[in-house]
1. Scanning the range 203-226 for residues that are buried (at least 22 other Cβ atoms within 10 Å of the Cβ) and within 14 Å of the chain's Cα centre (by Cα), which turns out nearest to residue 244 (Cα to Cα)?
2. On the given criteria, is residue 36 at pLDDT 95 or above and at negative phi?
3. So how many residues does the range 185-197 have that are closer than 15 Å to residue 370 by Cβ, under 11 Å from the mean Cα position of the chain (by Cα) and either outside the structural domain of residue 230 (by TED's automatic domain parsing) or not in a loop (DSSP other than H, G, I, E, B) (or both)?
4. Residue check: is residue 30 over 28 Å from residue 151 (Cβ atoms) and at pLDDT 90 or above?
5. Return yes or no: is residue 359 assigned to a strand (DSSP E or B), in contact with a helix residue (DSSP H, G or I) (Cβ under 9 Å, 6 or more places away or on another chain) and at pLDDT 95 or above?
6. Tell me which strands (runs of 3 or more DSSP E) are completely within the range 29-147 and hold 1 or more residues being under 20 Å from residue 230 (Cα atoms), or say none if there are none.
C-alpha cells in the first residue's frame, strides 16, 4: 500500500515539473521509442517516447483491472498497438483523444499491477522526452485499496460544456433528432482492413445530418462532431439536454458469433433477440470500461425501477421507429440483415423518455458490407432511407397522438 501512495505522489511531482517547461506545439508520441515489454521478475516496463515533455498522471481501476495514463493532449499518429504491446501480462491497450485538451492510454491488466518506479526524462537541448514506468505485481487487496480515479486540483479532466435543457417539442413542429456516431477518441470501435468504426460512423452521421437538414422539418444535434470520447451515460444526458425527440445511435460492428451482413435496427430489451445480439451489447458497453471510465457505485436499483416504468411509454414508439427505419433502408436497396429488427440491452438506448434505436449500417466482418460503407453513393441511399423512415414514423406518430387526444 505504501508503494502505491509513494508512486502516486511521485506522479504529481513529475507532472508539476513537466508543467514548468514552456511547450506550445502538440506533443507527438514517437513509435520507435515506445514499447511495453516483459522484464521477467523485474516486472513490466512501459516506455513512451515523446517529442516533448507533457504533464501526465497515472491511476488504476478495478473490475476489470486497468491502469490509466492521462496526458495533456498528444498526437498518437503512427503508434501501432501490436508493435507497442510486447508482453502477455498486459491483455490489451487503447489510446487516443479523451476530452478536449487531454489524451488517454489504458492498459488492460491480466492481473493486479502497480507502478514501482516512474520518471520522465526531458532532453533540455532537443526537447524530446521519455516516459518510463516499471510495473510490478501486487496482491488483490492492495490493488483494490489503491484503485480509483484520483481528484486533484489542476488535474481533474474538464467536463465538456453543457447547454441548458431545451424542451422537447412533441408536436407538429420540426422533429429534433439526436444522431450518435458510435465510439470515438480512445475507443475506436470495430477495426478491419485499416478502417475503424468511429471514423466511418462520424462520416456517415455528418452526411445524414446534411440530408435531414436539406429535407426540412428536422433539427439535428450530434453527441460528437469530431474524434472525441463520449461515455455512454453522457450520450444519453446530451440527448436529454438537447430536448431530442428521437435518438439514433450509428454503428458498424464486427460480429464473430456466426456470419452476419446487412443493416439492422436494434431496440432496447433486457432479453436479447439472439445470442449474437447479446454479445454485441456486451462489447458496446465494454467500450466505456476499456476507455478508463470508473463505474464503481453507478448502480441505483430504485432509480432503475422508475426508469423502467417510464420506458414502457416510449417502447411502442421505439419499436415503430425501428420498423420505419428498416423499411426505409429496405426501399433504398439495403442490403438488410436476414433479421433486420433485433433487440438487446444496449446501455446507450436507455433514455427513459426518448424513443431510441441503434442502427447497424453493416458489419465490418463482412467484406461486402465494408465495400458498401466505403462507397459514398451507397451511403447516400442509406441516408435517404433513414430520412424516409423518420418522416413516415413522424407522420404515423402524430396520427396516433391525435387519436389518443380524442
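The values are calculated or read from the model by the stated rules, or taken from the named source; none is laboratory data. What you see is a predicted model; the values in this text were computed from it and never measured. A quick note on method: Cβ atoms are made from the backbone with ideal geometry, for glycine too, and the neighbour counts reach across all protein chains shown.
1. 223
2. yes
3. So the count comes out to 1.
4. Yes.
5. Here the answer is yes, as residue 359 does meet what is asked.
6. 56-61, 66-72, 90-99, 102-109
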